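J.: Structure below; questions to follow.
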Amino acid sequence: MASPLATLPPELLLLVFSLASTHRPTAVSLSLVSHWVHNHVERNLYHTVSLSSSRSLVAFNASLNSKPHVFAHNLVKRLSITALGPISSIDEVLKKCTGVTSLVCGFSVPSYIHSKTTTFRLPITPREQLLIALACRDGIDMSIISPLVTHLRIQLTPATTFESVARLRELSYLTHLAVTYRHGLHGHANSVKEMIRPIVEEGRLEILVIHVTGAGGEAHRKEIEEWRTESTLEVMDSTPTRHLGYRPRTLIIAKRDTATATVLSQWEQGDDMWNVGPSYRSL
């Protein structure tokens with residue numbers, strides 16, 4: 001007996017499968033229906049990939065090894081690696097997924113870089129990059145950041161130095177920056193503001209998102225409000241103008257941070273962390 005699907009126009013089937021497979025669990029289920037269906041939902045299965053364990057990392061790398069050389073480049077566009085290793089597998093996956101436009105790094109950057117025998121350079125050039133968890137534990141290493149990045153999220157830790165943050169001004173295409181830090185870690189908002197001053201003064205930054213983590217007490221709330229007050233932001237607006245007498249305005253978004261797991265979940269769902277509400281101030 002012929003399948004009911006055989007009576008439907010191929011164009012309609014492709015549209016249904018395409019829409020349904022944007023939901024990853026559904027895409028996985030559809031891929032098991034038949035070889036024909038699998039081929040048509042595969043693009044959505046590989047578009048956004050999150051590797052949070054060594055097992056998933058090794059399995060994904062093995063899957064790519066069985067595909068044509070251009071497969072990962074063409075299909076994998078959003079990639080998250082928060083697995084601890086193996087470091088060799090992280091390296092192989094990054095080298096294969098050269099078409100990635102959004103990258104989340106949550107692995108140990110020093111371990112990855114020190115595994116190289118030559119001068120290290122990130123093998124891919126994403127336009128959006130999130131450095132979370134272990135990727136920032138030992139400070140910020142410029143070699144792990146794409147020189148073409150336009151949207152960057154970093155986390156300040158006790159190991160973060162003023163010099164390493166200031167070097168972000170070398171990123172010629174950076175227009176959106178998100179900074180996460182723990183309330184009280186660097187003294188107060190003014191200390192963090194001084195740390196990121198060199199980036200703002202370059203005049204290219206359009207949006208600066210400040211995430212302040214903490215217990216949620218009164219001091220925590222006041223620090224967030226300090227970022228939102230005009231008196232705090234004026235200090236960062238002292239650079240002489242470069243064009244038409246005025247430098248580009250930087251919009252400040254300050255809020256309590258969510259857990260790393262939530263940030264990753266939002267990224268996996270495609271939520272726009274750069275979405276600007278109407279109530280935030282501009283520099």
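The values are calculated or read from the model by the stated rules, or taken from the named source; none is laboratory data. From a predicted model like this one, the values you see are computed outputs, not experimental measurements. Positions of Cβ are backbone-derived with ideal geometry, glycine not excepted, and every protein chain shown enters the neighbour counts. Remember, those area values only see protein heavy atoms, side chains included, never the ligands or the DNA or RNA. Shrake-Rupley method; radii C 1.70, N 1.55, O 1.52, S 1.80 Å.
J.: Leaving ligands, DNA and RNA out of it, work out the accessible area of residue 47 with a 1.4 Å probe and give it in Å² to the nearest 10.
T.: 80 Å²
J.: Could I ask something else about it? Give the ranking of 100, 58 by solvent-accessible surface, highest area first, calculated with a 1.4 Å probe.
T.: 58, 100
J.: So if each residue of separation counts as 0.36 nm, and I subtract the Cα-Cα distance between residue 269 and residue 137, what length gain in nm does that give?
T.: 45.0 nm is the gain from fully extending residue 269 to residue 137.
J.: By how many nm would the segment from residue 66 to residue 185 lengthen if fully extended, with 0.36 nm per residue of separation less the alpha-carbon distance?
T.: 38.2 nm is the gain from fully extending residue 66 to residue 185.
J.: Hey, rough spin-label estimate for residue 95 and residue 56, points 7 angstrom out along Cα→Cβ, what's it come to in nanometres?
T.: Here the answer is 2.4 nm between the modelled labels.
J.: With each label point set 7 Å from Cα along the Cα-Cβ vector, what nm distance links residue 255 and residue 218?
T.: 2.6 nm
J.: Could you list the residues of segment 83-107 with an amide nitrogen less than 16 Å from a label point located 7 Å from the Cα of residue 173 in the Cα-to-C-beta direction?
T.: So the set is 98-104.
J.: Going by accessible area, probe 1.4 Å, with all protein chains left in place, what is the ranking of 193, 96, 222, largest first?
T.: Ranked list, largest accessible area first: 222, 96, 193.
J.: May I pose another question? How do 71, 107, 162 rank by accessible surface area computed with a 1.4 Å probe, from largest to smallest?
T.: In descending accessible area the options line up as 162, 71, 107.
J.: Let me ask something additional. For segment 162-208, what does the accessible surface come to per residue with a 1.4 Å probe? Please give it in Å².
T.: Heavy-atom accessible area per residue stands at 41 Å².
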